[in-house]
1. Tally up the residues in segment A:364-380 that are in contact (Cβ under 8 Å) with a residue 12 or more places away in the chain and not in a strand (DSSP E or B), please.
2. How many residues does segment A:41-62 contain that are in contact with a Gly (Cβ under 9 Å, 6 or more places away or on another chain) and either more than 15 Å from A:Thr431 (Cα to Cα) or crowded, with 23+ Cβ neighbours inside 10 Å (or both)?
3. Looking at the structure I just gave you, is A:Ala270 under 25 Å from A:Ser397 (Cβ atoms) and not β-branched (Val, Ile, Thr)?
4. Is it the case that segment B:408-419 has a residue that's surrounded by 21 or more Cβ atoms within 10 Å (Cβ to Cβ) and over 23 Å from B:Ala170 (Cα atoms)?
5. Only one residue in A:Ala203, A:Ala197 is more than 20 Å from the chain's Cα centre (by Cα), within 20 Å of A:Leu430 (Cβ to Cβ), surrounded by fewer than 24 Cβ atoms within 10 Å (Cβ to Cβ) and in contact (Cβ under 8 Å) with a residue 24 or more places away in the chain. Which one?
6. Which condition number does A:Ile358 fail, the rest of (1) touching a Phe, Trp or Tyr at 6+ places or on another chain (Cβ under 8 Å); (2) within 13 Å of another protein chain (Cβ to nearest Cβ); (3) part of a strand (DSSP E or B) being met?
7. Within segment B:265-308, track down each residue that is away from chain A (no Cβ under 14 Å) and free of Cβ contacts under 8 Å to residues at least 40 places away in the same chain.
8. Would you mention how many residues in segment A:277-291 are crowded, with 23+ Cβ neighbours inside 10 Å and of a type outside the set (Gly, Ala, Ser)?
There are 2 protein chains.
Amino acid sequence: MDDTRALSANSLAEHLNASGAASVEHPDVPALMADLGRRARQAARRVALASDEQKNTALRAMAARIRARASAILAANAEDLAEAKAKGQTAAFIDRLTLNGERLEAIAAAVESVAVLPDPVGRVLAKFERPNGLQIERVATPLGVIGVIFESRPNVTADAGALCLKAGNAAILRTGSESFRSALAIAEAMSEGLEKAGLPADAIRLVPTRDRAAVGAMLSGLNGNIDVIVPRGGKSLVARVQEEARVPVFAHLEGICHVFVHEKADLAMAKRIVLNAKMRRTGVCGSAETLLVDRACAPTHLKPLAAILLDAGCAIRGDETVQAADPRVTAATEQDWRTEYLDAIISVRVVNGLDEAIAHVETYGSHHTDSIVTDDPAAAERFLAEVDSAIVLHNASTQFADGGEFGFGAEIGIATGRMHARGPVGVEQLTSFKYRIHGSGQTRP
Amino acid sequence: MDDTRALSANSLAEHLNASGAASVEHPDVPALMADLGRRARQAARRVALASDEQKNTALRAMAARIRARASAILAANAEDLAEAKAKGQTAAFIDRLTLNGERLEAIAAAVESVAVLPDPVGRVLAKFERPNGLQIERVATPLGVIGVIFESRPNVTADAGALCLKAGNAAILRTGSESFRSALAIAEAMSEGLEKAGLPADAIRLVPTRDRAAVGAMLSGLNGNIDVIVPRGGKSLVARVQEEARVPVFAHLEGICHVFVHEKADLAMAKRIVLNAKMRRTGVCGSAETLLVDRACAPTHLKPLAAILLDAGCAIRGDETVQAADPRVTAATEQDWRTEYLDAIISVRVVNGLDEAIAHVETYGSHHTDSIVTDDPAAAERFLAEVDSAIVLHNASTQFADGGEFGFGAEIGIATGRMHARGPVGVEQLTSFKYRIHGSGQTRP
């Protein structure tokens, strides 16, 4: 996803060690959360059966309510900002937290854009007739209740709520403490939109307390009333969720993405792709963190590739061959091959051909997104087959790792697990399925 | 699945409280299991890349090795049987455990039949071109390492191992103590078959100890080296796995399946379906446990439906209206609506129309398999849409809840969860996917 993670160190603080106003305790968090879970489950049953038209009406009403409540939302945001500044948050953090008229309009427009997506519920995923005449269909159904735990970005309240609803799910949203008031004001607009369309307000709810015990309750699954949890934020947040959640998690811990420049790579293409993969935006999970260069083309390709990165302001940590290619390169340590810099830094290694490149990616990578640059189709096919990552590319930048770039319209995150969802998680991946069978009186012999 | 669960009470004893020879302890189970996990992961990487032909060669070689080792397998089984008899196991248990020439041939033939299935790996699940020319494909990949925990049925060793391999996965198999020697002999034949095809023997391994600590190790996920666990057995085994597993589980806890006879049901069809759904085999998870009869047709339908079941030897526990219909009916308690009898017993209730029928199924059911009998297409569509079960049928018996009946060739079980796999879990559901993208030098603006 396109969220910067440069401030990931804040996540633990936000969710685990909240202090000051952020640690306001609720008198009975377990009861509050249990009630939230029950209400979400009831709401999920209703939105699961809603028509596409009804869901779209709700989404457009939500956008209208966000616009209508703009002054209240901005006032809530001003309070969040004042508190964040008083706590000495960084300028980048304050910027992520800040709403204004333009940003609020973008949030409303994003909710409307979800209405335009095809309804993922009810799609016939497979259909077959058995010799006994039974007509069997595999049909997409909603997942149920989705818990989303995110850092202090007010837009996620609207984005995540809208995507979950479009797929017929209820959403329980937990924001970082610093954006609590802003998120609550947006969530209330979302619930109002639901009610305008005759759908239950409980289908999108923000956890109405900053008490940190609420996160633990969500990770426990709220007595079976959360079906999946999606963490959106830095590595420490995702790590905690993956470690502690007793329900499935759609997430990626980190994006240690590679570009492998194969011996048959066109140099001009390789330069474009490497520069874009690393430097277009350095803080996104699809940015390249390691460049692998085939020893067979290193004499011609290594120096220009290093130069284009260095000249663009990117630091290089390289092995001995790379260090010899340019004096600006510093020495890479073993740890560099395992590091997601999320910054203008890249590790560069020369490898002995395709096998060593694949072995490096499988040893040090994070199964997120990896690319090969080559004019040799056979080499490309082997790389795409043998690299076990959610997204594998041939002659394209790793920065395409994004639901929007896939044509999914929007995404709730990128998953690197192998269960259910993998890669960008759009509305289709927020559905399950059932088997619907039509007969004419068949009994089993 | 078609396994009887009549002996489910044995599962805890087998896996938790094994005694006598079954509790033989291994000197270092954690190290043994960790090693098994590492080996399975390495093997998984190799079988993931195996061609369909190579996997099929292995499957046929496994069948040949099972036949070639028949006398050794039957000798091992004789030892298991002697021990089980000495421990006073029931006749039904002994029967499930018993192998003979005919049953062993059926096991070998079942392994061969998996070779005939289409390769689920490499299927292009979706394919689209983006405006920038990127060619994006969603391609089926193996899941990784599958842990299967089952009771003392020697055939599961072969069935589960073959299905996991066909989908490009490695399998770690844990059998019930009583069939340990039989299962080990079969597993060795499977590993020999793998090696004959040039594939790693570690791709199918039986846990080589009866020490019960091995189960706990599997449920912990073996340091990330098990991707999913499939329990096959009685309710207590499945409940423990669902409760304790730290990795995803494909399972169903129970099959409380319903047949709803709607007011527009043809009586002759309803009688056939109800009798088959309950009585074809009472011990399978797809057998009906509750019959719901629409009050609107009760005057004509209730008495004949009750009679056909009672005359076939099925006990009925019914509400007051049902009791009034036939003197042989006894009173149902609230607990009856929640009971999976797995026996010639059924609970019968008269409901006020479709809404009450759906509400009953959603309140008391287990989201496994439910059927409506009606000539009214609108009522059928509502039932199929609103009943949130893995399998929903119109005018057909619930006993079709079986991978073979779906045309999947074989199944490793039936899942009622909403994540990844739902309904019969065949080879397709034992795969994940990745995104494979071909470009021509695209960079992201």
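1. 10
2. Adding up the residues that qualify gives 12.
3. yes
4. yes
5. A:Ala197
6. Of everything listed in (1) touching a Phe, Trp or Tyr at 6+ places or on another chain (Cβ under 8 Å); (2) within 13 Å of another protein chain (Cβ to nearest Cβ); (3) part of a strand (DSSP E or B), A:Ile358 misses just condition (3).
7. If the condition is that a residue be away from chain A (no Cβ under 14 Å) and free of Cβ contacts under 8 Å to residues at least 40 places away in the same chain, then B:Cys297, B:Pro299, B:Thr300, B:Lys303, B:Pro304, B:Ala307 are the ones that fit.
8. 5
The values are calculated or read from the model by the stated rules, or taken from the named source; none is laboratory data. What you see is a predicted model, and the numbers here were worked out from it, not measured in a lab. FYI the Cβ positions are ideal-geometry reconstructions off the backbone, even for glycines, and counts take in every protein chain you see.
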